[in-house]
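Since the structure comes first, as C-alpha coordinates, the remarks are kept for the end.
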Amino acid sequence: NILKIVINNFMNITTIEKNLRLKGFSKGQSKILTDEELNELNQLILENFRKEGSDQTIFDLLGKNVRIDEIFEKIINNNEIQEVLKKTCGKDFMLWRPRLRIAKNNDRGLEIHQDSIGEMGLAFLVNDQNEAATFFLDSSHLLPFDGHVANSNFISWNSVKLLNIIKYFLTPAKGKSGEVFYLFHRTWHARAPVSK
(Lines give C-alpha, C1' and ligand atoms only; values in the text may rest on other atoms or scores of the structure.)
Protein backbone atom coordinates (compact mmCIF):
# COMPACT_ATOMS: atom_id res chain seq x y z
CA ASN A 1 0.00 0.00 0.00
CA ILE A 2 2.84 2.42 0.79
CA LEU A 3 4.41 1.74 -2.63
CA LYS A 4 1.05 2.35 -4.32
CA ILE A 5 0.67 5.70 -2.50
CA VAL A 6 4.20 6.75 -3.49
CA ILE A 7 3.61 5.75 -7.14
CA ASN A 8 0.25 7.58 -7.24
CA ASN A 9 1.81 10.73 -5.75
CA PHE A 10 4.64 10.58 -8.31
CA MET A 11 2.14 10.16 -11.18
CA ASN A 12 0.06 13.10 -9.90
CA ILE A 13 3.12 15.36 -9.70
CA THR A 14 4.25 14.23 -13.15
CA THR A 15 0.80 14.98 -14.64
CA ILE A 16 0.72 18.41 -13.01
CA GLU A 17 4.26 19.18 -14.18
CA LYS A 18 3.44 17.98 -17.72
CA ASN A 19 0.31 20.16 -17.87
CA LEU A 20 2.24 23.16 -16.58
CA ARG A 21 4.94 22.75 -19.19
CA LEU A 22 2.52 22.10 -22.08
CA LYS A 23 -0.47 24.31 -21.19
CA GLY A 24 1.06 26.86 -18.81
CA PHE A 25 -1.34 25.89 -16.00
CA SER A 26 -2.56 22.80 -14.17
CA LYS A 27 -5.11 21.84 -11.61
CA GLY A 28 -3.69 20.16 -8.52
CA GLN A 29 -4.80 16.76 -7.33
CA SER A 30 -4.34 16.75 -3.55
CA LYS A 31 -6.94 17.36 -0.88
CA ILE A 32 -5.02 19.88 1.17
CA LEU A 33 -7.43 20.93 3.94
CA THR A 34 -10.15 19.05 5.78
CA ASP A 35 -13.76 20.20 5.36
CA GLU A 36 -13.60 21.63 8.89
CA GLU A 37 -10.47 23.66 8.03
CA LEU A 38 -12.09 24.95 4.82
CA ASN A 39 -15.18 26.05 6.74
CA GLU A 40 -12.98 27.69 9.37
CA LEU A 41 -10.94 29.49 6.68
CA ASN A 42 -14.13 30.76 5.04
CA GLN A 43 -15.39 32.10 8.35
CA LEU A 44 -12.05 33.75 9.13
CA ILE A 45 -12.03 35.43 5.71
CA LEU A 46 -15.56 36.72 6.29
CA GLU A 47 -14.55 38.10 9.69
CA ASN A 48 -11.20 39.60 8.67
CA PHE A 49 -11.54 40.73 5.05
CA ARG A 50 -15.12 41.15 3.86
CA LYS A 51 -16.19 44.63 4.82
CA GLU A 52 -19.71 45.82 4.10
CA GLY A 53 -19.70 48.53 1.47
CA SER A 54 -16.02 48.04 0.59
CA ASP A 55 -15.04 47.88 -3.08
CA GLN A 56 -11.65 46.40 -2.23
CA THR A 57 -11.13 42.99 -3.86
CA ILE A 58 -7.44 42.21 -3.18
CA PHE A 59 -5.96 41.90 0.30
CA ASP A 60 -2.57 40.97 1.72
CA LEU A 61 -3.37 37.63 3.34
CA LEU A 62 -0.81 37.05 6.05
CA GLY A 63 -0.26 38.81 9.36
CA LYS A 64 -3.95 39.62 9.93
CA ASN A 65 -4.94 36.56 11.93
CA VAL A 66 -2.79 33.87 13.59
CA ARG A 67 -5.14 31.05 12.59
CA ILE A 68 -5.22 32.16 8.92
CA ASP A 69 -1.41 32.14 9.01
CA GLU A 70 -1.43 28.57 10.42
CA ILE A 71 -3.84 27.33 7.75
CA PHE A 72 -1.77 29.02 5.03
CA GLU A 73 1.32 27.29 6.45
CA LYS A 74 -0.45 23.93 6.06
CA ILE A 75 -1.42 24.75 2.46
CA ILE A 76 2.04 25.87 1.34
CA ASN A 77 3.74 22.91 3.09
CA ASN A 78 1.49 20.35 1.38
CA ASN A 79 3.66 17.64 -0.25
CA GLU A 80 2.14 18.10 -3.72
CA ILE A 81 2.61 21.87 -3.65
CA GLN A 82 6.18 21.57 -2.40
CA GLU A 83 7.09 18.98 -5.06
CA VAL A 84 5.48 20.93 -7.92
CA LEU A 85 7.22 24.14 -6.87
CA LYS A 86 10.58 22.38 -6.54
CA LYS A 87 10.24 20.69 -9.95
CA THR A 88 9.15 23.85 -11.75
CA CYS A 89 10.92 26.64 -9.83
CA GLY A 90 13.83 24.83 -8.20
CA LYS A 91 14.39 24.12 -4.52
CA ASP A 92 15.26 27.74 -3.67
CA PHE A 93 11.96 29.30 -4.76
CA MET A 94 10.70 32.40 -2.96
CA LEU A 95 7.13 32.97 -1.86
CA TRP A 96 6.12 36.52 -2.72
CA ARG A 97 3.20 38.39 -1.14
CA PRO A 98 0.35 35.89 -0.65
CA ARG A 99 -2.89 37.65 -1.45
CA LEU A 100 -6.59 37.01 -1.18
CA ARG A 101 -8.91 37.99 -4.05
CA ILE A 102 -12.62 38.28 -3.36
CA ALA A 103 -15.03 38.41 -6.31
CA LYS A 104 -17.57 41.18 -5.87
CA ASN A 105 -20.92 41.61 -7.58
CA ASN A 106 -20.67 43.67 -10.76
CA ASP A 107 -16.90 43.08 -11.06
CA ARG A 108 -16.01 44.45 -14.51
CA GLY A 109 -13.49 41.66 -15.14
CA LEU A 110 -9.96 41.90 -16.47
CA GLU A 111 -8.89 41.57 -20.10
CA ILE A 112 -6.47 38.90 -21.27
CA HIS A 113 -3.08 39.65 -19.79
CA GLN A 114 0.19 38.22 -18.50
CA ASP A 115 1.56 38.82 -15.04
CA SER A 116 5.24 38.95 -14.15
CA ILE A 117 7.12 36.77 -16.59
CA GLY A 118 9.48 34.32 -14.91
CA GLU A 119 7.12 33.86 -11.98
CA MET A 120 4.62 31.18 -11.08
CA GLY A 121 1.29 31.54 -9.32
CA LEU A 122 -0.65 29.26 -7.05
CA ALA A 123 -4.40 29.74 -6.66
CA PHE A 124 -6.13 27.98 -3.76
CA LEU A 125 -9.93 27.93 -4.15
CA VAL A 126 -11.64 28.86 -0.90
CA ASN A 127 -15.10 28.52 -2.49
CA ASP A 128 -16.55 26.33 -5.24
CA GLN A 129 -15.97 27.88 -8.66
CA ASN A 130 -18.73 26.22 -10.72
CA GLU A 131 -18.78 29.09 -13.19
CA ALA A 132 -15.16 30.06 -13.35
CA ALA A 133 -14.21 33.69 -13.19
CA THR A 134 -10.65 33.02 -14.39
CA PHE A 135 -9.81 31.66 -17.85
CA PHE A 136 -6.52 30.52 -19.41
CA LEU A 137 -5.32 30.44 -23.03
CA ASP A 138 -3.71 26.99 -23.35
CA SER A 139 -0.02 26.98 -24.26
CA SER A 140 0.18 30.77 -24.63
CA HIS A 141 3.27 30.78 -22.40
CA LEU A 142 5.09 29.09 -25.31
CA LEU A 143 4.52 31.98 -27.73
CA PRO A 144 7.93 33.34 -28.78
CA PHE A 145 7.41 36.95 -27.75
CA ASP A 146 9.44 38.96 -25.28
CA GLY A 147 7.64 41.10 -22.77
CA HIS A 148 3.93 41.29 -22.07
CA VAL A 149 2.48 40.93 -25.55
CA ALA A 150 -0.94 39.93 -24.17
CA ASN A 151 -1.15 43.28 -22.35
CA SER A 152 -0.39 45.39 -25.41
CA ASN A 153 -2.51 47.00 -28.09
CA PHE A 154 -1.01 44.39 -30.44
CA ILE A 155 -3.90 42.09 -29.50
CA SER A 156 -7.01 43.65 -31.04
CA TRP A 157 -9.41 41.40 -29.11
CA ASN A 158 -7.86 42.32 -25.76
CA SER A 159 -11.04 43.81 -24.33
CA VAL A 160 -13.25 43.13 -21.35
CA LYS A 161 -16.27 43.77 -23.58
CA LEU A 162 -15.26 40.91 -25.88
CA LEU A 163 -14.35 38.58 -23.03
CA ASN A 164 -17.85 37.09 -22.88
CA ILE A 165 -17.30 35.86 -26.45
CA ILE A 166 -13.63 34.87 -26.42
CA LYS A 167 -13.93 33.01 -23.11
CA TYR A 168 -15.36 30.10 -25.12
CA PHE A 169 -11.90 29.68 -26.66
CA LEU A 170 -10.25 29.67 -23.24
CA THR A 171 -10.05 27.04 -20.49
CA PRO A 172 -12.03 27.90 -17.35
CA ALA A 173 -10.49 27.49 -13.90
CA LYS A 174 -13.46 25.59 -12.47
CA GLY A 175 -13.10 23.67 -9.26
CA LYS A 176 -14.30 22.81 -5.80
CA SER A 177 -13.25 24.56 -2.60
CA GLY A 178 -9.92 23.26 -1.40
CA GLU A 179 -8.56 22.62 -4.90
CA VAL A 180 -5.50 24.38 -6.25
CA PHE A 181 -4.35 25.71 -9.64
CA TYR A 182 -0.73 26.24 -10.65
CA LEU A 183 -0.01 28.89 -13.29
CA PHE A 184 3.05 30.21 -15.07
CA HIS A 185 2.51 33.98 -15.02
CA ARG A 186 3.58 34.17 -18.67
CA THR A 187 0.38 32.25 -19.56
CA TRP A 188 -2.34 34.51 -20.93
CA HIS A 189 -5.33 34.64 -18.63
CA ALA A 190 -8.40 36.78 -17.98
CA ARG A 191 -11.13 37.32 -15.43
CA ALA A 192 -14.71 37.35 -16.68
CA PRO A 193 -17.09 40.11 -15.60
CA VAL A 194 -19.44 39.22 -12.74
CA SER A 195 -22.97 40.56 -12.86
CA LYS A 196 -25.52 39.73 -10.18
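The values are calculated or read from the model by the stated rules, or taken from the named source; none is laboratory data. The structure presented is a predicted model; accordingly, all values stated were derived computationally and were not measured. Accessible surface areas use protein heavy atoms only, side chains included; no ligands, DNA or RNA. Shrake-Rupley method; radii C 1.70, N 1.55, O 1.52, S 1.80 Å.
The table below gives the values:
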read-out	value
13 Å Cα-Cα reach of LYS23 towards aspartates and glutamates, excluding residues that sit fewer than 8 places from it in its own chain	ASP138
Extension gain (nm, one decimal) between MET94 and GLU37, 0.36 nm per residue minus Cα-Cα	18.0 nm
THR15 accessible area, 1.4 Å probe, all protein chains in place, Å² to nearest 10	60 Å²
Order of exposure, largest accessible area first, which applies to TRP96, TRP188 with probe 1.4 Å	TRP96, TRP188
ASP69 accessible area, 1.4 Å probe, all protein chains in place, Å² to nearest 10	50 Å²
